[in-house]
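K.L.:
Just dropping this structure here.
Here, each number is a calculation from the coordinates, and none is a lab measurement. Treat the numbers as computed from the prediction; the structure is a model and nothing was measured. Positions of Cβ are generated from backbone atoms using ideal geometry, with glycine treated the same way; all protein chains shown enter the neighbour counts.
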Amino acid sequence: MDSGESIGTTIADSRPSWPSRPPRNAGHRNVLIVLLDDVGYADFGCYGSAIDTPTIDRLATDGLRYTGFHTTAMCSTTRASLLTGRNHHAVGMGCLANFDSGYPGYRGKISAEAPTIAELLRPHGYRNYMIGKWHVTSTTETGPTGPFDGWPLGRGFDRFYGFLDAETDQYSPELVRDNTHVSAAGDHSTGYHLSADLADEAIRNLTDHHAVSPDTPWFMLFAPGACHAPHQAPRHLIDRYTATFERGWDVEREQRLARQIELGVVPTGTELPPRNPGVRAWADHSADEHRLFARLAGAYAAMLHHVDEHIGRVIATLAHTGQLDDTIVVVLSDNGASQEGGPLGFVNAMAPFNMVKETLDHKLARLDDIGGPDTHSNFPHGFAMAANTPLRMYKQNTHSGGIRDPLVVRMPEGRAHGDHGLRHQFCHVSDLTPTLLDLLGIDLTAGVGTTGVSFAATVDEPQAATGKSIQYFEMFGHRGLWLDGWKAVAWHPPGTPFDDDRWELFDLSTDFNECCDLAAAEPDRLSSMIERWWIEARANQVLPLDDRFAERFAENAARFHGDRRRFVFTAGMGHLPSDVAPDLRSRSYTITARIEPFATGTEGVLIAHGDATCGYSLFVRDGHLVHDLNIGGTHQVVVSSSPITTGVTELAFRMQRSEGDGPFPHGVGTLLVDGVEVGRMETDHIFWLMISWSGLDIGLDRGTTVADYDGTRRHVGPFAFTGALVDVTVELDDDQDVDHAAAGDSELARD
């Protein structure tokens, strides 16, 4: 592999300058893991990208870059494997935290028998801090009553500030502090962004620790939402990177590969594979599509640039307080770049999830909105492919584009390393915790229970063997096995027999990006590796194989809600995440708010679920009862025909579902004041697959609001109810009819 001799000039030129301070206490080591989301192999500057990531690049210049690091293809699974040092199925996280299928490998929650790195460090005197995305406990257990045993504070962390689900809006996040849901400190109108907020909290934890317990070691997992959709970032950065990506994904791939070879993170002679299935040549798209795609890619790149700035603030704090050179810093991504934007990308993915089509004209009309507070944007397949250069496929797949990721490690004092800091050994996310424990001098044989293999020897010895000889992969029926430098891999078409899958075989020692299939030339080797995959699967709770996605989500929702059809929310209640809120999708329901006798001038929100991209709100404005059914940004508003009279005590909205003329259900919405109809609407767009990834509140609409209450289109809340709210009751009819296959597709895009 090329030595990457140009790294000193090509990366270091733009790197930040951190103050030099003596180590605070060279007798111990702290650990900071920065875990990014859905960032591809080629997205860091030090791995070939045109995106500016000077903080990460400086850490790489001072430390190590691993080119053979592998993850598990999805976020919950990589997080579970990282935290425990074990294979993800073996600890109950075979797929996502969003469902529990009952089998030991697929419980959607890390097993209590598998200690996390925080639990392993605590007996050695460590304070443990978790900032950002968790997503390793069942999402149906994320409500205000828990149970909390799977939340960060139940798994060894002393403090937590972040979110529990797969994603959240960057301007209107679903935040939790320790074990309590809380509101963000601002919104888009005040300059709030989650990446900055999480960095503030990390800095607060680190400086508090330094002030009170400077001689006590700490561990921090800092896991921003970037760069998972929605891609949201400052406008000036989106403008900048839109211009960058106007050259298109074909040129982008070529330029990244050339840069990767120069840097040494890809071997000399590596060639680009054909475009992934379904990705057309950039030149085959129209000029209007070029404008849209470049803008969507610009939002993604801006989000990565922006989070790198805030990672830089955290690192600068460590340097300023003399902690940086006591600290092992690790930066990685949880899987490859995501294919969930589809072939054409989304401006607001919530619209198509509810069968409201996003036409090209509609997307172009909203071009300048991309990355803002009322969008849920995601870039198209072509640019996700470029982000994974030079690898094949994407997140969710067990080809290298889904599981081969960047890994940067900076050791205390940023000491120099041989081979320009490049390490080419195969290693896996399950090996990271054993490696860190090894570097910290913690005995791996004393009941630690990890099954990963430490690669600590590679820190000082570029050619050191790790002892790792085998690693299986599985996600949604896609399978793979790495064995002594060879890889067998199968892409599984959903719903087809597993026996019909076509396996490919690659010699990774000569074929970095899985381009030369040797299955026909080496049938015996392939057959042996397939059999070995089954052995590993049985040993790690992978079986039974289950490629059902939608059905598992449907089963989980039905099991959680059971026969419950009535929800009573009393005034004073806090926030409810979506997964424990009433499921209004594709059904009839009634929402009834009881209030103390209505008085002239009373206004505000009675109940709201969602945000500006999708949701519903029942509220009083200008003396009238109003309901806004916001389906993917299309506001279907019904207003009472007359003002609410003094003394009224009951305000309600009724949705009656019926079969429509087309494939989607029809709805008739009715406003009721003290039981009397005062407004009516009809629609062919009701909640069909999703309500929102933002949760439910009564008496206010927090964050980026569902409705445009003040007519400014800024979606600023909370527009709190000024009267006396007693309670809100939601009653569900037993007529739900959800297209579970389509619902599963929407949930897959969620994660």
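K.L.:
Can you report the principal axis dimensions of the range 83-124 using only the alpha carbons, biggest first, rounded to whole angstrom?
P.N.:
36, 15, 14
K.L.:
Going by average Cβ density within 10 Å per residue, which order do the peptides 117-127, 694-704 take, highest to lowest? Mind showing how you got there, number by number?
P.N.:
Working: 117-127: 18.8, 694-704: 25.9.
Output ranking for 117-127, 694-704: 694-704, 117-127.
K.L.:
Compute the acute angle (0 to 90°) between the alpha-carbon long axis of helix 75-84 and the principal axis of greatest extent of the alpha-carbon atoms of the chain; round to the nearest 10°.
P.N.:
It works out to around 50 degrees.
K.L.:
Mind listing the long-range amide H neighbours of H428? Cut-off is under 5 Å, sequence gap 5 or more, other chains count too, H placed in the peptide plane at 1.01 Å from N.
P.N.:
Here the answer is H70, since their amide H atoms fall under 5 Å of that of H428.
K.L.:
Would you mind giving the average projected area, over all directions, of the Cα convex hull of the range 611-677 in nm² with one decimal?
P.N.:
Numbers: hull surface 21.4 nm².
So the Cα hull casts an average projection of 5.4 nm².
K.L.:
Could you work out how far the C-alpha centroid of the range 292-320 sits from that of the range 691-723, in angstrom?
P.N.:
28 Å
K.L.:
Rounded to whole Hz and in sequence order, give me ³J(HN,Hα) for the range 191-200 from the Karplus expression 6.51 cos²θ - 1.76 cosθ + 1.60, θ = phi - 60°, writing x for Gly and Pro.
P.N.:
Values, residue by residue: x, 5, 8, 4, 4, 5, 4, 5, 5, 4 Hz.
K.L.:
Scan around F569 for amide H atoms under 5 Å from its own, H built in the peptide plane at 1.01 Å from N, and keep only partners 5 or more places away or cross-chain.
P.N.:
Amide H neighbours of F569, under 5 Å, 5+ apart: V728, T729, V730.
K.L.:
If the reach is capped at under 16 angstrom between alpha carbons, list the lysines near K468, excluding any in the same chain fewer than eight residues apart.
P.N.:
K487
K.L.:
Here's a follow-up. With N residues in the range 72-207, what two-decimal value do you get for its Cα radius of gyration over 2.2 N^0.38 Å?
P.N.:
Working: Rg = 15.0 Å, N = 136, 2.2 N^0.38 = 14.2 Å.
For the range 72-207, the normalised Cα radius of gyration is 1.05.
K.L.:
Need one number: the % of Cα-Cα pairs in the range 552-631 sitting beyond the 14 Å mark. If you can, show how the numbers build up before the last one.
P.N.:
Numbers: 2238 of 3160 pairs.
The answer is 71 percent, as a whole percent.
K.L.:
If you don't mind, there's one more thing I want to ask. If you place +1 on the Cβ of every Lys and Arg and -1 on the Cβ of every Asp and Glu, how big does the dipole about the Cα centre of the range 412-517 come out, in debye to the nearest 20? If you can, show how the numbers build up before the last one.
P.N.:
On the way: 6 positive and 17 negative charges, 45 e Å.
Computed charge dipole of the range 412-517: roughly 220 debye.
K.L.:
Under unit Cβ charges (Lys, Arg +1; Asp, Glu -1), what dipole magnitude, rounded to 20 debye, does the range 584-686 have relative to its Cα centre? Don't skip to the end; give the middle numbers.
P.N.:
Details: 7 positive and 12 negative charges, 42 e Å.
In debye, rounded to 20, the range 584-686 gives about 200.
K.L.:
While we're here: How much mean residue ellipticity at 222 nm does the chain get from its helices, if each DSSP H run of length 4 or more adds -39500 (n - 2.57) and you divide by all residues, to the nearest 500 deg cm²/dmol? Walk me through the numbers on the way to the answer.
P.N.:
Details: 16 runs with 176 residues, N = 751.
The per-residue figure over the chain is -7000 deg cm²/dmol.
K.L.:
If all Cα-Cα distances of the range 377-498 are sorted into 10 Å bins from 0 onward, what percent lands in each bin, rounded to whole numbers?
P.N.:
Computed distribution, short to long bins: 11, 33, 33, 18, 4, 0.
K.L.:
For mean projected area of the Cα convex hull in nm², the choices are (1) 30.7; (2) 28.8; (3) 33.2; which was calculated from the structure?
P.N.:
Only one option fits the structure, namely (1).
K.L.:
On to the next question. With θ set to phi - 60°, apply the Karplus curve 6.51 cos²θ - 1.76 cosθ + 1.60 along the range 305-312 and write out the HN-Hα couplings as whole Hz, x wherever there is a Gly or Pro.
P.N.:
Each residue of the range 305-312 in turn: 4, 5, 5, 4, 4, 7, 4, x Hz.
K.L.:
What is the set of long-range amide H partners of Q636 at a cut-off below 5 Å, with H atoms built 1.01 Å from backbone N?
P.N.:
Result for Q636 returns L629, N630, I631.
K.L.:
Additional query: Between the range 589-621 and the range 459-531, how many Å separate their Cα centres?
P.N.:
55 Å
K.L.:
Return the equivalent ellipsoid semi-axes of the range 222-341 as a descending list in whole Å, where each equals the square root of 5 times an eigenvalue of the C-alpha gyration tensor.
P.N.:
Semi-axes, largest first: 31, 20, 13 Å.
K.L.:
Here is a follow-up. Are there trypsin sites (Lys or Arg not before Pro) in the range 385-417 that DSSP puts in a loop and that have at most 14 other Cβ atoms within 10 Å, and which ones?
P.N.:
Values: sites: R392, K395, R404, R410, R415; in loops: R392, K395, R415.
Of the trypsin sites (Lys or Arg not before Pro), the ones in loops of the range 385-417 whose Cβ has at most 14 other Cβ atoms within 10 Å are R415.
K.L.:
I've got another one for you. Under a point-charge model restricted to the Cβ atoms of Lys and Arg (+1) and Asp and Glu (-1), what is the dipole moment magnitude of the chain relative to its Cα centre, in debye to the nearest 20? Display every interim value, and only then the final one.
P.N.:
Working: 61 positive and 102 negative charges, 249 e Å.
That gives the chain a dipole magnitude of about 1200 debye.
K.L.:
Scan the range 136-188 for chymotrypsin sites (Phe, Trp or Tyr not before Pro) in coil per DSSP, keeping those whose Cβ has at most 16 other Cβ atoms within 10 Å, and list them by number.
P.N.:
Those that pass, being in a loop and sparsely packed, are F148.
K.L.:
Okay, moving on. Could you state the number of Å between the C-alpha centres of the range 574-588 and the range 251-274?
P.N.:
Spelled out, the Cα-based centre of one part sits 47 Å from the other.
K.L.:
Then there's this: In whole Å, what are the Cα extents of the range 183-293 along the three principal axes, biggest one first?
P.N.:
Result, largest extent first: 59, 41, 24 Å.
K.L.:
Here's another thing I want to ask about it. Taking one equal scatterer on every alpha-carbon of the range 461-531, how large is log10 of I(q)/I(0) by Debye at q = 0.20 1/Å?
P.N.:
Here the Debye-derived log intensity ratios amount to -0.86.
K.L.:
Then there is this: Just to check, using Stokes-Einstein with a Kirkwood Rh over alpha carbon pairs, what's the diffusion coefficient of the range 308-434 at 25 °C and 0.890 mPa s in µm²/s?
P.N.:
Working: Rh = 17.9 Å.
This corresponds to a translational diffusion coefficient of 137 µm²/s.
K.L.:
Then there is this: Hey, if you put +1 on the Cβ of every Lys and Arg and -1 on every Asp and Glu Cβ in the chain, which of S333, Y589, W282 ends up farthest toward the positive end of that dipole?
P.N.:
Result: S333, furthest along the dipole toward the positive end.
K.L.:
Based on the alpha carbons, how large is the Rg to Rh ratio for the range 32-106 when Rh follows Kirkwood? Display every interim value, and only then the final one.
P.N.:
On the way: Rg = 15.2 Å, Rh = 14.2 Å.
Ratio of gyration radius to Kirkwood radius: 1.08.
K.L.:
Short version: ³J(HN,Hα) in whole Hz for each residue of the range 60-71, in order, from phi by Karplus 6.51 cos²θ - 1.76 cosθ + 1.60 (θ = phi - 60°), x for Gly and Pro, what are they?
P.N.:
Result, ordered by residue: 5, 4, 7, x, 10, 10, 9, 9, x, 7, 10, 10 Hz.
K.L.:
Moving on. Report the dimensions of the range 288-356 along its three principal axes from the alpha-carbon atoms, largest first, rounded to Å.
P.N.:
53, 22, 19
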